[in-house]
1. Which of the residues spanning region 38-78 are of a type in the set (Gly, Ala, Ser) and surrounded by 16 or more Cβ atoms within 10 Å (Cβ to Cβ)?
2. Return the pair list, or none, for Cβ contacts closer than 6 Å from residues in region 233-250 that are among the acidic types (Asp, Glu) to residues that are at pLDDT 95 or above and assigned to a loop (DSSP other than H, G, I, E, B), at least 6 apart or on different chains.
3. Does region 82-93 contain any residue that is buried (at least 16 other Cβ atoms within 10 Å of the Cβ), of a type in the set (D, E, K, R) and more than 16 Å from ligand 1 (Cβ to nearest atom)?
4. Given the criterion touching a Ser or Thr at 6+ places or on another chain (Cβ under 6 Å), assigned to a loop (DSSP other than H, G, I, E, B) and under 27 Å from residue 128 (Cα atoms), identify the matching residue among 185, 219.
5. Inside region 98-177, counting only helices (runs of 4 or more DSSP H) that do not spill past its ends, which hold 1 or more residues that are within 15 Å of residue 77 (Cβ to Cβ) and of a type outside the set (A, V, I, L, M, F, W, C)?
6. Is there any pair with a first residue in region 13-35 that is acidic (Asp, Glu) and a second that is part of a loop (DSSP other than H, G, I, E, B) whose Cβ atoms are under 8 Å apart and which are 6 or more apart or on different chains, and what are they?
7. Output the residue which, of all residues in region 218-239 that are farther than 18 Å from residue 282 by Cβ and within 18 Å of the chain's Cα centre (by Cα), is surrounded by the fewest Cβ atoms within 10 Å (Cβ to Cβ).
8. Restricting the search to region 31-77, which residues are at negative phi and small (Gly, Ala, Ser)?
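The values are calculated or read from the model by the stated rules, or taken from the named source; none is laboratory data. If you're wondering where the values come from, they're calculated on a predicted model, not measured in any experiment. Counting neighbours? That spans all protein chains shown, and the Cβs are built from the backbone with ideal geometry, glycine included.
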Amino acid sequence: MVAITDTVKRRQDPYPSRLPEERWLPRQDKTVWSQWCPDAPLTAQETDHFDRDGFIVLRDLFLEDEVKELMQESAALRGGKRELEEGCIITEPDSDEVRTIFKLPEQSPLFNRLASDRRVAGIASYLLGADVYIHQSRLNYKAGFTGKEFYWHSDFETWHAEDGMPRMRAVSASLLLTDNDALNGPLMLMPGSHQHFIGCAGETPENNYKSSLKKQEVGTPSHEALTKLANKHGIHVATGKAGTLVLFDCNTMHGSNGNITPFARSNAFFVFNAVSNRLEDPFDAKKPRPEFLGFRGEPKPIEIASGKLSI
Ligand code: 6CS
Ligand code: FE
């Protein structure tokens, strides 16, 4: 007879987090899942760069008038000129200023077209060696003077713990819709940090997303861990003019400062996940977050669109 033990079998989890104590583990998944070939949407050098650093900044992928149209569309969405789906808007922690609008393709045909573009979804699908779908999408807006910081985090840590994304096989694409320089709170990334999974200390509070989207406090590494990571890997600042595309692996450590300059900073942000990596039950939270933060339906592969953006 098999002895019945009183220990509950823990679900198999290569990336445990929200623990009594912080814990470092090595990455168990590839970063680049395709073999480079001449018709790939990135050069061999760009592919190696992404593999090594966990991100790449791509300039001049989009035409000037494509970028202009996207900027106008973004202003219209933010400026109350469109009916937006309820519950998809997040404001700043201390004011009613718009910080994020979620579900971008659902609310705008032009952003929907952008999301399936070869220069965005095509590159994501190539890097992940898989058909992809959108896990999350958002328009981030950091207002001049009042836009607050995003503290250091790995996106995967939250998506795994709170949404149930099983493996590191997702990539984020951030298209800059304003010029980003060193001053207006640009994205900062730690090159090479994607090779470490930092299981964070602390439990997930109920409905954590309600505060974490304004100011994340759970699922962030300790000062010691961040110091160690930054000393080992350094910090890169992803500056560029509007139209620049920043692609980064789901586990790359990143964050951004507040914006006290008069110059707003905004970007359109799409997270592509491999269809084979669809969400399960959360690994470290009682119930999953709402659909606007992580798509939970049957993933449908994006059909990649080529040519100039048009609707
Ligand atoms: O909640 C999310 O999905 C994203 N937002 C924050 C503030 N942290 C984790 C992840 O990047
Ligand atoms: Fe993030």
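1. Passing the criteria: 40, 54, 74.
2. Correct list of pairs: 249/31; 249/54.
3. Checked region 82-93: no residue is buried (at least 16 other Cβ atoms within 10 Å of the Cβ), of a type in the set (D, E, K, R) and more than 16 Å from ligand 1 (Cβ to nearest atom).
4. 219 is the lone residue from the list that is touching a Ser or Thr at 6+ places or on another chain (Cβ under 6 Å), assigned to a loop (DSSP other than H, G, I, E, B) and under 27 Å from residue 128 (Cα atoms).
5. Where helices (runs of 4 or more DSSP H) fall fully within region 98-177 and carry at least 1 residues being within 15 Å of residue 77 (Cβ to Cβ) and of a type outside the set (A, V, I, L, M, F, W, C), they are 104-107, 109-115.
6. 13/283; 22/200; 22/221; 22/222; 29/167; 29/168; 29/169
7. Across region 218-239, the extreme among qualifying residues is 237.
8. Selection gives 34, 40, 44, 74, 75, 76.
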